[in-house]
1. Under the rule of at least 5 residues apart or a separate chain, name every residue whose amide H is placed under 5 Å from the amide H of residue 444.
2. Whose amide H sits under 5 Å from the amide H of residue 333, counting only residues 5 or more places off or on another chain, with H placed in the peptide plane?
3. Using the count of nearby Cβ atoms within 10 Å as a rough guide to exposure, how do 133, 158 rank from fewest to most?
4. Quick one: which residues, 5 or more positions from residue 61 or on another chain, have an amide H under 5 Å from its amide H? H modelled 1.01 Å from N in the peptide plane, none for Pro or chain starts.
5. What share of Cα pairs, in percent, lie more than 23 angstrom apart in the stretch 361-451?
6. ³J(HN,Hα) across the stretch 112-121 via Karplus (A = 6.51, B = -1.76, C = 1.60, θ = phi - 60°), whole Hz, x for Gly/Pro?
7. By how many nm would the segment from residue 59 to residue 419 grow when fully extended, if each residue of separation counts as 0.36 nm and the alpha-carbon distance is taken off?
8. Applying a 10 Å radius around every beta-carbon, put 404-417, 322-335 in order of their mean neighbour count, most first.
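Any read-out appearing in this document is the output of simple, stated calculations on the displayed coordinates, not a laboratory observation. Keep in mind that what you see is a predicted model, and the values were worked out from it rather than measured. Neighbour counts run over all protein chains shown; Cβ positions are idealised from the backbone, glycine included.
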Amino acid sequence: MTAEAPLHPASVLPLVAIIGRANVGKSTLFNRLTRSSKALVADVAGVTRDRLFGQVRADDRTFLVVDTGGLTGGEEELGSLVRRQAEAAVAEADVLLWVVDGRTGPQVDDEEVLDYLRGTGKPLFLVVNKMDHAGLAGHLADFYRFGLAPLYPVSAEHGLGVGGLLEALVESLPPPQAAPATAPGIRVAVLGRPNVGKSSFINRVLGEERLIVSDQPGTTRDVLDTPLKWQGKDFVLIDTAGIRRPSHVARGLEQYMVLKALKALTRAQVVLLLLDAREGITAQDLRLARLIEDHGKGCLVGVNKWDLVKGDAERSRANLAQVTGALEFMAYVPILPLSVKTGYNLNRVFPLIEEIQAQRALRASTGQLNRLLRGIIQQTPPPRYRDRPVKFYYLTQPETEPPTFIAFANYPQGVPESYRRYLVKQLRAGLGIPLAPVRLFFKGRQRRAGG
């Protein structure tokens, strides 16, 4: 098992959206694209099960792909829901894949959806899915009526035609766009639901009203990074244009928020996730938190508007306990009550972010790691596997940001999840990185050739 390669922080990755009605195979195509590029590690415990986002590498290009069917939380007939999911995806996407079912042919309202997608002016591919055998080739003629050429007949399930689609898709991507001139400092993304205080926080720490909500639409790929010096230390607030940019879709659409967050995550090192102290943590907040965890970013949770609840001791304690309990899957993340309005605890935000990033960038020597591993195992040996002892041979650290470790063992498949969590907890304590995300993988020891 190998760790997922980190997203490149110095570039703005294009986003490809897969759009279509229910049961046309959007998720199957998504899985085919991401599996073929080894974008996600499916067998790593803790990876979000609803894999809505993936990274694809092809022909020396890298891009993000989003499955809009998963974003809406369910598959329903074409209509207002699909229109809304298309609007949310199109608002951020650079290229659109419109997937249709080659077996059933064109459907009612397809022309309306096509007119909308064409109106965006973005590259649009008509992907005719479920073309599993040559006998279905005749069905393609029905789709030429849409005036899109060429058509891309594929079988996402079996991989037929996907290579040609991918090749054409890569050619349509916008040219590689470097991030804005890299300013020194830790790259920080400020994320959260609408109205939790993201713009207010940035305006406050910058000391001026820089983020003004405008009714002028931003372009899909505009990125604005804002340098900040806090108590003599350098930071860069990532993609503040995404915070400023007004929503072009119905208010409260979770998928739009998640798409914007995903783009910022690809370039950030640490995320400040803002919550509303009056509401505690919501399902949308948890979706963002899981994205942060999956991408291995450092995280500080700021419970904003604390001034509105601190007068009610029982309510404030209950809300804080609810947040802590809901974020148990990332218990290493510090949770900080704060108030952007009054300035309460704002002086603690950037020192914490600095410490989180320092721990996230830790590089331990192999000798240090293996001395630590021996002590951990002696204290609590791993459980037996099929009545045989599980032995760990050595531990290495192939990557930082986040600290990523590979433990070589005789039965890697025999290490239960509970023991993996124990090892991670002990590694955090032993290496002095209690605030950092940690990835730990198990591998069988490689045998020497001829051995």
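1. 409
2. Under 5 Å from the amide H of residue 333: no residue qualifies.
3. Result, fewest neighbours first: 133, 158.
4. none
5. 21 percent
6. With the stated coefficients, the stretch 112-121 comes to 5, 5, 4, 4, 5, 5, 4, x, 6, x Hz.
7. Value of the extension gain: 125.6 nm.
8. Numbers: 404-417: 16.9, 322-335: 15.2.
Order by mean packing, descending: 404-417, 322-335.
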